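Read the structure below first, then the notes.
The values are calculated or read from the model by the stated rules, or taken from the named source; none is laboratory data. Computed from a predicted structure; not experimentally measured. Quick reminder, even Gly has a Cβ in these numbers, built from the backbone with ideal geometry, and neighbours come from all protein chains shown. Note: areas computed on protein heavy atoms with side chains; ligands, DNA, RNA excluded. Shrake-Rupley method; radii C 1.70, N 1.55, O 1.52, S 1.80 Å.
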Amino acid sequence: MKLKVFIERENKRVSLDIKKGATISDVLRKLKLNPVTVVTTMNNEVVTEGFTIQSEGILSIHSVVSGG
Amino acid sequence: MTCKNCSLKPVYKTLNDRSLCRKCFIKYFEKKVLRTIRLYGLIEKDDVVVCGFSGGKDSATNLYMLNNLLKRYGKQPIALAIDEGIKGYRNKTLDDAKKFCKKYKIPLKIVSFKKEFKKTLDQFLRKWTGRPCTPCGVFRRYLLNKGARELGATKLATGHNLDDEAQSILMNQVKGNVQLSAKLGPMTGVLVHKKFIRRIKPLYFMSEKEVTIYSKLQNFPVQYVECPNFNDNFRDEIGNILNSLESKYPGTKHGVVNAFLQVLPSLKERYQHDEIGTCASCGEPANKDRCKACELLER
């Protein structure tokens, strides 16, 4: 299954191949991102790392780290 | 996996593995902030509260929470924003700050480096070779204190969160600067000066992740952007260490802060007899004969 991912901090869009039943946690691991430092939204709704991706959509990854 | 209270889709999982939906997370968050305010006596009945407001998620959450709390007593906080004069950044976040205050009908006062110090931060940095955050922090703290006092504040509330505090504690430990740590805690200020406004941190026990989720769920009109000048490698490094530990050992940041709070009363006791002076140039509170802002401006 293809998943579109938007990484807000880098303003980067990537397309990932994921297995059906993969979780947000699996995607973050694949992207080498620490779950503590990000908030994830699936089709604009906040989801936890345990959320199972069952259909295509856009996963946005927002950094929680700020400075200034 | 569903919310432990109402079986809806969760937006957050707490440290003790409770999954919470949108509504239950908001309730959990607000309850925890109010508990901090009550437990540490951050706000008293007669206080006039000014909130430092940058237009970012932390200060917006802080302002929103205090506005709701003070409404119960027929009062309101005043938002105080500092315009450092950082081209392409602060003008945008100040626009957000104006929109936010208009939306929630909160009075907003903006004070600028240009007006107070006769130059913007960008102009000051042209002759500065060190880290930009050093003079910016000094000038900002100066103006927040002075601005809050001029607005009649008895408390100055900032959006510092658990991550900020855990980082500051570890940074001071690594540098062996115990005296600086005595100024930390949910309510700062070990020393008294008639011109010094005590600072409070209502988001003290909320992690940066929790604040981000809250801000997103409330649809605050804020941008999640970083200052282009931000270059605090030491804080970054400590932050990365804490985040890595938090991921392996959940609860690390709370552990650091809670352990620190146990020794904080002794630290405050030890340093409360040190005197805080008055700047010979501007009359503001100062650790030496002259305050850091005046020293920097005359370099």
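Listing for the model above:
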{"read-out": "Helices (runs of 4 or more DSSP H) contained entirely in the range B:95-160, each with at least 1 residues that are within 28 Å of B:THR36 (Cα to Cα)", "value": "B:133-150"}
{"read-out": "Condition met for B:LYS32 (away from chain A (no Cβ under 14 Å) and open to solvent by less than 80 Å² (accessible area, probe 1.4 Å))", "value": "yes"}
{"read-out": "Filtered residue count, the range A:32-68, keeping only those that are open to solvent by 30 Å² or more (accessible area, probe 1.4 Å), β-branched (Val, Ile, Thr) and more than 7 Å from chain B (Cβ to nearest Cβ)", "value": "2"}
{"read-out": "Only listed residue being of a type in the set (Gly, Ala, Ser) and outside any strand (DSSP E or B), chosen from A:SER55, A:SER60, A:SER15", "value": "A:SER55"}
{"read-out": "Qualifying residue in the range B:231-244 (condition: out of contact with any Lys or Arg (no Cβ under 9 Å at 6 or more places or on another chain) and of a type in the set (Phe, Trp, Tyr))", "value": "no"}
{"read-out": "All positions within the range B:117-133 that are within 22 Å of the chain's Cα centre (by Cα) and either at positive phi or open to solvent by 60 Å² or more (accessible area, probe 1.4 Å) (or both)", "value": "B:ARG131"}
{"read-out": "Residue in the range B:54-66 that is open to solvent by 80 Å² or more (accessible area, probe 1.4 Å) and within 11 Å of another protein chain (Cβ to nearest Cβ) present", "value": "no"}
{"read-out": "Residue that is modelled with the highest pLDDT [pool: residues in the range B:185-207 that are open to solvent by 10 Å² or more (accessible area, probe 1.4 Å) and in contact with a Pro (Cβ under 6 Å, 6 or more places away or on another chain)]", "value": "B:LYS201"}
